[in-house]
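Undergrad: Next up is a structure, given as structure tokens.
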Amino acid sequence: MTLRKRWRGLDRSTVGAAPDRYGYYELGDDDGDVIGRDWGVLQDELKEVLAYGDAAQVRWQVAEHREHAKDLFEEHGD
């Protein structure tokens, strides 16, 4: 089950706007298909994805704490 949130273009401004908190995120291609997903401190994770990944879009859900982020990842798994 994927997140029911609007995609955001994956660029520097989006990464800068990402919270410096734990969360779950999904990466998408130009067509809006999920091509990856993970969890961690959102801003840190997305900086790395922007630098080394090939995703065009991102959406996320902020977690209350580290374990909650991990639970969100498992909940949204295929």
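The values are calculated or read from the model by the stated rules, or taken from the named source; none is laboratory data. Note that the structure is a prediction, hence the values are computed from the model and not measured. Cβ coordinates were reconstructed from backbone atoms using ideal geometry, including for glycine residues, and neighbour counts include every protein chain displayed.
Undergrad: Name every residue in segment 46-69 that is buried (at least 16 other Cβ atoms within 10 Å of the Cβ), within 10 Å of residue 11 (Cα to Cα) and not hydrophobic (A, V, I, L, M, F, W, C), in order of residue number.
TA: Within segment 46-69, just 57 meets the criteria.
Undergrad: Could you count how many residues in segment 40-78 are within 17 Å of residue 16 (Cα to Cα), of a type outside the set (Val, Ile, Thr) and not in a helix (DSSP H, G or I)?
TA: 8
Undergrad: Also, I was wondering about something else. So in segment 1-35, with the set limited to residues that are hydroxyl-bearing (Ser, Thr, Tyr) and in contact with an Asp or Glu (Cβ under 9 Å, 6 or more places away or on another chain), which one is modelled with the lowest pLDDT?
TA: Across segment 1-35, the extreme among qualifying residues is 2.
Undergrad: Now a separate question. Inspect all residues belonging to segment 17-39 and state whether any of them is part of a helix (DSSP H, G or I) and free of Cβ contacts under 8 Å to residues at least 40 places away in the same chain.
TA: Scanning segment 17-39, I find at least one residue that is part of a helix (DSSP H, G or I) and free of Cβ contacts under 8 Å to residues at least 40 places away in the same chain, so the answer is yes.
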